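Notes to accompany the following structure.
The values are calculated or read from the model by the stated rules, or taken from the named source; none is laboratory data. The shown structure was predicted, so the numbers you read here are calculated from the model rather than taken from an experiment. With ideal geometry, Cβ positions are generated from the backbone for all residues, glycine too; neighbour counts draw on all protein chains shown. Protein only, heavy atoms only, side chains kept; ligands, DNA and RNA dropped before computing areas. Shrake-Rupley method; radii C 1.70, N 1.55, O 1.52, S 1.80 Å.
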Amino acid sequence: MSDDIDPNGENMLAAEYVLGLLNADEAAAFETLMATDASARADYARWAEDFVGMTDDIAPVAPPAALLDRIRAAAFGTAAMEEAAPAPKPVKPAKSSWMERLGLLPAAAGGLVAAMVALWAINLYVGPLLDPPATATVMLASADEGLVVEVGYVEDSGNLEVTRTAGAAPEGQVLELWVIKGENPPVSLGVLPADETGTLVVAEALWPLLRGAQCAISIEPPGGSPTGAPTGEIVAVAPIVWVG
Amino acid sequence: MTTTEDIEAMITGMAGGDRNAFENLYAATSAKLFGVCLRVLNNRAEAEDALQDAFVKIWRNADRYKVNGLSPMTWLITVTRNLCIDRIRARKATSGDMDEVAALEDSAPGPEALAIAASDRARIVGCMAGLDPDKAGAVRRAYLEGETYQELAEVYGVPLNTIRTWLRRSLQKLRECLSQ
């Protein structure tokens with residue numbers, strides 16, 4: 001059988017990823033691959049299942065009783081809940097929220113499900129090793145999915161990577177990206193580039209806003225909202241989903 | 001006896017914010033996961049910290065479990081193991097001292113006392129036995145001790161630029177055996 005062995009072993013990336021042997025760039029590339037490639041995800045899962053067998057002979061050891069209290073405090077504590085909130089449960093805006101005042105409903109775009117599954121699939125790879133920075137994604141889509149914008153962000157980088165995968169601003173107008181934290185008014189993150197992909201630079205003072213918040217896109221006159229608040233139609237709203 | 005289905009139901013409960021499900025999962029799995037932490041980190045205080053990180057992460061990410069395609073114990077152990085490996089690497093990065101880890105010997109097989117239905121995972125053990133001892137050892141060191149290609153090259157006296165080919169071939173053999 002050894003004659004069949006591919007000398008380059010290029011299909012061993014999934015195994016190397018599970019073992020933690022890839023460097024940070026290679027691991028990130030493999031995660032990107034998994035986001036779009038079901039067979040890469042299947043390879044990952046198969047190796048993870050196989051390698052975990054190496055822990056079968058590890059004897060269980062009861063942790064000290066006091067540890068459970070510490071863990072409860074860390075998991076359920078106020079700070080922890082705040083941090084945990086954005087990813088798991090999309091919250092229906094309270095009656096008086098600005099979104100309801102604008103007549104918006106929480107958007108649940110069906111065609112986005114596949115993309116979201118791919119993104120969430122990355123999360124469950126339990127993250128790369130080497131303690132990478134946290135990353136965030138936002139999938140913004142209009143109700144009819146005529147406009148779809150994906151935003152990617154690496155914690156503390158200040159650079160929002162924006163990709164418009166469907167639709168565009170109406171003729172003579174622009175799309176403006178906003179961040180909304182809780183009941184606070186929207187804060188502009190900038191006008192989306194005319195190109196399909198581009199980078200918006202976020203001022204450092206705004207970085208903390210990106211945790212536990214939502215993004216929205218509004219249609220604005222050229223140059224962006226003249227008032228500092230959305231003036232045109234809000235066409236998409238979505239939570240910022242953090243990994244790590 | 002806690003079954004795979006029970007563990008899965010607990011994770012589903014946790015995804016919905018059910019703290020009782022968390023308590024049940026902790027009762028059912030914390031000893032196994034703590035054992036993994038102790039094995040990987042070989043340090044009790046660090047193992048406790050790692051177990052805490054693991055359960056906090058499991059609680060927060062329970063809603064992501066379903067889409068990952070892993071069986072529940074594999075997911076729990078993988079989360080825990082990865083956090084431990086991160087700690088080992090952080091430890092090396094700060095101290096620059098790898099002897100502590102390199103000196104670790106594989107622990108002797110202990111009793112598998114956990115009352116959780118196991119899959120046929122043990123086949124990895126049989127397939128690893130079919131590899132050269134050095135190569136099986138390298139796979140084990142990477143998985144259980146977080147060793148990098150650089151470290152494995154040093155341990156096995158293989159040049160860094162060939163260690164990857166060396167190990168990939170073994171992984172390929174392993175995959176052939178596991179697929180049979």
Buried accessible area between B and A (1.4 Å probe, both chains summed, ligands and nucleic acids excluded), in Å² to the nearest 100?
6500
What FRET efficiency, computed as 1/(1 + (r/R0)^6) with R0 = 22 Å and r the Cβ-Cβ distance, is obtained for residue A:65 and residue B:20, rounded to the nearest 0.05?
0.75
Residue-averaged beta-carbon neighbours from other chains (10 angstrom radius) around B:57-64
6
Can you tell me the length gained on complete extension of the stretch residue B:180 to residue B:27, counting 0.36 nm per residue apart and subtracting the Cα distance?
51.5 nm
Label-to-label distance, nm, for residues given as residue A:229 and residue B:161 (7 Å Cα→Cβ offset)
6.5
For B:70-82, B:2-14, ranked highest to lowest by mean beta-carbon neighbours within 10 Å, the order is B:70-82, B:2-14
Using label points projected 7 Å from each Cα along Cα→Cβ, tell me how many nm separate residue A:74 and residue A:184, to one decimal.
2.8
Residues of A:63-69, mean number of Cβ from any other protein chain within 10 Å of their own Cβ, rounded to a whole number?
5
Across peptide B:158-170, how many C-beta atoms of other chains are within 10 Å of each residue C-beta, on average?
3
What spacing in nm lies between the two simple spin-label points modelled at residue B:154 and residue A:211, each 7 Å away from Cα in the Cβ direction?
3.5
